[in-house]
Structures are given as C-alpha cells and as structure tokens.
Amino acid sequence: MPELPEILIFAQDMQKELTGRTIGGIEIVQPKCLNVSEEEFQTALTGAEIRNVTPRGKWLQVETTRGWLLLNLGMGGEILLTDRDNLPEKYRLVFDLEGGDCLAINFWWFGYAHYAVNLADHKMTAQLGPNALGLTLDEFRELLRGRRGAVKTFLLNQKHIAGIGNVYVQDPLFKAGIHPLRPINTLSDEEVARLWRALRETLQESLDQGGSAWERNLYDEKGKWDESFFLIAYQEKKPCPTCGTTVEKIKTGSTSSYICPACQSLES
Ligand SMILES: [Zn+2]
C-alpha cells in the first residue's frame with residue numbers, strides 16, 4: 001500500500017511530467033471508483049489542463065483548469081505514464097493526454113478517482129490531518145496535546161496526521177523506545193521528540209531510496225527501500241538490533257505490530 005513517501009514521489013514526478021498537459025480523453029473501466037457519474041466525470045475533465053499535483057496523505061490532488069482530480073490507490077495499485085501501445089495488462093482508468101502518451105491507473109483491490117469543483121467540497125481529503133513529513137516538532141506536540149488513546153492508533157488515523165500506514169509506523173516507534181499501545185498522555189516531552197525525529201528519519205530514508213521496494217513509480221520502477229532498511233518491522237523471531245531480544249509480532253487493534261519487548265516498554 002503506498003504511504004507518504006510513495007505519494008510524495010508520485011506527486012513530484014507527476015508535477016514534472018503533467019503540468020501544462022491537457023487531458024484529451026478518458027477511458028473508464030471501473031466506474032465505481034468515481035464519486036460522480038461517468039458522464040459528469042468525462043465532461044468535467046476532458047479538455048482540462050493540468051496545473052499542479054500535490055500530495056495529501058495517501059491522496060494525490062491534481063489541480064486542473066476545470067476543478068480537481070483526486071486519486072487514492074487504496075490497498076495498492078499503479079499510476080503509469082505510458083502510451084496506448086504499451087498499456088499494462090490491467091487498468092481501471094486511462095487518461096489520454098494530448099500529444100500522445102497517457103496515464104494508466106490500476107487498483108489492485110479498490111481505489112478512488114474522484115472529481116471536485118473545489119477542493120474544500122471533497123470531504124475525504126478535507127478531513128485529513130497535515131502530512132506527516134514536514135511537521136515541525138511544535139506542530140507535532142500540538143497534535144498530540146490532550147490525546148489519551150494508544151499512540152499507534154493515533155499515528156495511523158489519517159484525520160490526525162496523514163500519510164503513515166502500518167509499514168512506516170513500526171520502526172519509528174522502536175527507535176523512540178515506545179510501545180505501540182502506550183497511551184499518548186503518558187509520553188514524556190523527550191519521547192515525543194524522539195518519535196517525531198524517528199518518523200521523519202524513516203519517511204525521509206524511504207524517500208531518498210525512491211520509496212518502497214514493493215511499490216512502482218510513475219515510470220514503472222520499484223523503489224529501493226527494502227527489507228534491508230527494516231530494524232524490527234516484519235522481523236518476527238529475529239533478534240532486536242539493539243539488545244538481541246527476540247522481536248515479537250503482536251495484535252494492536254486491527255493491525256499487527258512488531259516490537260522488541262525489552263526496548264519498547266508499555267510503562268512510562
Ligand atoms: Zn531490543
């Protein structure tokens with residue numbers, strides 16, 4: 001599933017490749033990924049010129065001269081810059097660009113291609129918290145102030161802070177020495193600062209490697225942030241890199257967490 005680093009990379013590449021390009025036509029294979037009728041979607045965006053592409057959590061916001069195209073890959077998928085002769089085997093939507101090439105979008109399971117006249121009208125993105133990368137420590141502290149729930153649940157809730165999923169949350173909690181189930185109001189100022197720093201480090205590390213090795217970018221290339229970068233994430237039964245204790249996989253609400261039971265204490 002693409003998380004913030006992959007979305008930032010898509011936004012950067014799409015901004016470079018698509019700004020100033022006009023959508024000449026749209027092929028819709030999966031109308032249920034739209035939030036408006038097929039006809040309305042076609043009428044709104046055919047002939048629109050792309051102005052700007054920005055990341056927002058796990059969404060890509062494509063500003064055009066005729067409103068906004070909002071993309072979310074859901075559990076995973078591809079957004080490929082290609083041409084009609086080289087379309088991937090599977091796609092749910094194709095945006096033909098004037099001048100020849102096209103943007104082919106595939107969702108592995110289910111995703112969204114939404115249209116909104118104004119960004120503020122689009123509830124699913126308007127509800128999102130700030131992007132996880134780019135927050136100052138003070139802003140991060142402010143987000144956590146007065147919260148009582150488990151820290152991991154908070155970090156994964158896109159309405160609080162956008163772009164972190166189950167892949168990128170594991171190692172930052174470990175680096176900060178914080179158990180995923182720790183109540184937020186028991187975190188010390190120093191632990192909050194360590195967590196903020198660790199989140200930035202992990203997200204930036206992936207960004208520097210071109211994103212996750214399990215995702216493909218606009219040019220159909222895999223990222224280089226692979227298992228060799230993981231500390232305890234997905235390392236069940238392997239030794240903790242700090243103390244050697246066996247890494248455990250535990251259930252934390254609806255998600256799984258990988259922890260070192262010695263380094264990540266539930267007690268404050
Ligand atoms: Zn340990």
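Bear in mind these aren't lab numbers, they're just calculated from the coordinates by the rules spelled out. Just so we're clear, the structure is a prediction, and the values are computed from it rather than from any experiment. In this analysis, Cβ positions are derived from the backbone assuming ideal geometry, glycine residues included, and neighbour counts consider all displayed protein chains.
The charge dipole of the stretch 141-260, taken about its Cα centre with unit charges on the Cβ atoms of Lys, Arg (+1), Asp and Glu (-1) only, comes to about 540 debye. Quick note on the stretch 134-237: its Rg to Rh ratio, both from C-alpha atoms and Rh being the Kirkwood radius, is 0.99.
So what's the back-of-envelope 222 nm ellipticity for the chain, counting only DSSP H runs of four-plus at -39500 (n - 2.57) apiece and dividing by all residues, rounded to 500? Please report the intermediate quantities before stating the final value.
Working: 7 runs with 67 residues, N = 268.
Using -39500 (n - 2.57) per qualifying helix, the result is -7000 deg cm²/dmol.
Using DSSP to define loop residues, name the trypsin sites (Lys or Arg not before Pro) in the stretch 74-112 whose beta-carbon has at most 13 other beta-carbon atoms within 10 Å. Don't skip to the answer; put the middle values down first.
Details: sites: R84, K90, R92; in loops: K90, R92.
When the trypsin sites (Lys or Arg not before Pro) of the stretch 74-112 are filtered for loop state and at most 13 Cβ neighbours within 10 Å, K90 remain.
Under a Cβ-only charge scheme (Lys and Arg +1, Asp and Glu -1), can you give me the dipole magnitude of the chain about the Cα centre, in debye to the nearest 20? Write out the running numbers ahead of the final one.
Working: 29 positive and 36 negative charges, 235 e Å.
It works out to roughly 1120 debye.
What net charge is computed for the residues neighbouring S268, neighbours being all others with C-beta under 9 Å from the C-beta of S268, Lys and Arg scored +1, Asp and Glu -1? Intermediate values should be presented prior to the final figure.
Details: positive: R182; negative: E191, E267.
With Lys, Arg at +1 and Asp, Glu at -1, the net is -1.
Measuring max minus min along each principal axis, the C-alpha atoms of the chain give extents of 58, 36, 29 Å (largest first). Per residue, the average separation of C-alpha pairs within less than 8 Å and at least 6 apart gives the chain a relative contact order of 18 percent. When the listed pairs K175/K251; K58/K251; K16/K152 are checked against a 30 Å cut-off, the alpha-carbon distance exceeds it for K16/K152.
Highest mean packing comes first when the peptides 247-256, 210-219 are listed by Cβ atoms within 10 Å, giving 210-219, 247-256.
Could you pull out the pairs from K90/K238; K90/K159; K90/K224 whose alpha carbons sit more than 29 Å apart here? Working shown, then result.
Values: K90/K238 37 Å; K90/K159 31 Å; K90/K224 24 Å.
Beyond 29 Å: K90/K238; K90/K159.
Between the residues T242, A126, S228, the greatest Cα displacement towards the positive end of the dipole of the chain, with unit charges on the Cβ of Lys, Arg, Asp and Glu, is found for T242. Put the Cα centre of the stretch 133-157 next to the Cα centre of the stretch 173-225 and the gap is 13 Å. Remark: the stretch 149-165, residue by residue, has Karplus-estimated 3J(HN,Hα) of x, 5, 5, 5, 4, 4, 5, 7, 7, 5, 6, 8, 8, 9, x, 9, x Hz, where x stands for each Gly or Pro and the curve is 6.51 cos²θ - 1.76 cosθ + 1.60 at θ = phi - 60°.
Based only on other Cβ atoms within 10 Å, what is the fewest-to-most ordering of E142, E3? Working shown, then result.
Values: E142 11, E3 23.
Result, fewest neighbours first: E142, E3.
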